[in-house]
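The values are calculated or read from the model by the stated rules, or taken from the named source; none is laboratory data. Predicted model only: the values in this text are computed from it and were never measured. Note that each Cβ is placed from the backbone with ideal geometry, even for glycine, and that neighbours are counted across all protein chains shown.
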Amino acid sequence: KSNQLTKDEL
Amino acid sequence: MNIFRLCGDLSHLLAILLLLFKIWKTRSCAGISGKTQLLFTIVYTARYLDLFTSFVSVYNSVMKIVFLTASYGTLYLMFYKFKPTYDHNHDSFRILYLIVPALVLSFIIVHVYTVMEILWTFSIYLEAVAIMPQLFMVSRTGEAETITSHYLFALGSYRALYILNWIYRYYTEDFLDWITIMAGIVQTILYCDFFYLYITKVLKGKRLSLP
């Protein structure tokens, strides 16, 4: 799964 | 955004502002590890380079800018304005022992081999251990001022709340990122001793001092 979702975290 | 993530962010923000407030109010950075603050500044700088490449939300960008500004401001206060109050004799942890392994690991365990991704991963690994010079300093001096204890508690709670956020996101978005989760768990574990002392001493109105 892509980790791009994490990039909306700080 | 969920409640755990929001509380985590607010806790993180509170920690950073508490530290600035403490230094400004007491005109002193005694008991604060400049090395930990330097590491956090490296962490934010490496991670938030994406301010220039991707936009998530106004909230996201504003928080990143606040974290960056506050961390550089803290360094300015510690190493320039209130430099004589900086207790560097007790701040003797060797930070290369943290930076080098974090950098090496970010080349080994990383999602994608790009400069931005490696820097982001490095920042995650380095953040996990960045508090060690501060905890080392507290153990060397055997005590921490109450406001410093509040700072450490808020800072530790932030990643613990993020763990709840990741569990929540796993169930609601089927989303899992082992790099942040493992690093976040390590980060939270490092605070466990401190959490125990905080709850048993500081919350009962006592000063945090080690036996």
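Among B:26, B:53, B:74, B:69, which is over 14 Å from residue B:127 (Cβ atoms), within 18 Å of the chain's Cα centre (by Cα), exposed (fewer than 15 other Cβ atoms within 10 Å of the Cβ) and not basic (Lys, Arg)?
B:69
Inside region B:118-138, can you point out the residues that are under 11 Å from the mean Cα position of the chain (by Cα) and within 14 Å of chain A (Cβ to nearest Cβ)?
Within region B:118-138, B:123, B:124, B:127 meet the criteria.
From B:146, B:172, B:188, grab the single residue that is crowded, with 19+ Cβ neighbours inside 10 Å, out of contact with any Ser or Thr (no Cβ under 7 Å at 6 or more places or on another chain) and not charged (D, E, K, R).
From the options B:146, B:172, B:188, the qualifying one is B:188.
Looking at region B:139-167, which of the residues that are assigned to a helix (DSSP H, G or I) and among the small types (Gly, Ala, Ser) is nearest to the chain's Cα centre (by Cα)?
B:156
Out of all the residues in region B:78-90, which are in contact with a helix residue (DSSP H, G or I) (Cβ under 6 Å, 6 or more places away or on another chain) and farther than 15 Å from residue B:40 by Cα?
Across region B:78-90, the qualifying residues are B:86, B:90.
Going by the structure shown, is residue B:170 out of contact with any Phe, Trp or Tyr (no Cβ under 8 Å at 6 or more places or on another chain), farther than 25 Å from residue B:26 by Cβ and aromatic (Phe, Trp, Tyr)?
Criteria met by residue B:170.
Which residue pairs have Cβ atoms closer than 7 Å, lie 6 or more positions apart in sequence or on different chains, and pair a first residue in region B:195-211 that is under 18 Å from residue B:31 (Cα atoms) with a second residue that is assigned to a loop (DSSP other than H, G, I, E, B) and not polar (S, T, N, Q)?
The qualifying pairs are B:208/B:201; B:209/B:142; B:210/B:142.
Being charged (D, E, K, R) and touching a residue at least 60 places away in the same chain (Cβ under 8 Å) is true for just one of B:145, B:117. Which residue is that?
The unique qualifying residue is B:145.
Got a sec? Which helices (runs of 4 or more DSSP H) wholly within region B:1-115 have at least 2 residues that are within 14 Å of another protein chain (Cβ to nearest Cβ)?
Passing ranges, in order: B:3-26, B:34-47, B:58-76.
Residue by residue through region B:104-123, note down the ones that are among the aliphatic types (A, V, I, L, M) and either under 17 Å from residue B:51 (Cβ atoms) or surrounded by 16 or more Cβ atoms within 10 Å (Cβ to Cβ) (or both).
Within region B:104-123, B:105, B:110, B:115, B:116, B:118, B:119 meet the criteria.
Here's the yes/no breakdown for (1) within 18 Å of residue B:158 (Cβ to Cβ); (2) among the β-branched types (Val, Ile, Thr); (3) more than 16 Å from the chain's Cα centre (by Cα):
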residue	(1), (2), (3)
B:48	yes, no, no
B:59	yes, no, yes
B:62	yes, yes, yes
B:80	no, no, yes
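Select from region B:168-178 the residues that are assigned to a helix (DSSP H, G or I) and either farther than 12 Å from residue B:121 by Cα or at pLDDT 95 or above (or both) and write down the one among them that is farthest from the other protein chains (Cβ to nearest Cβ).
B:171
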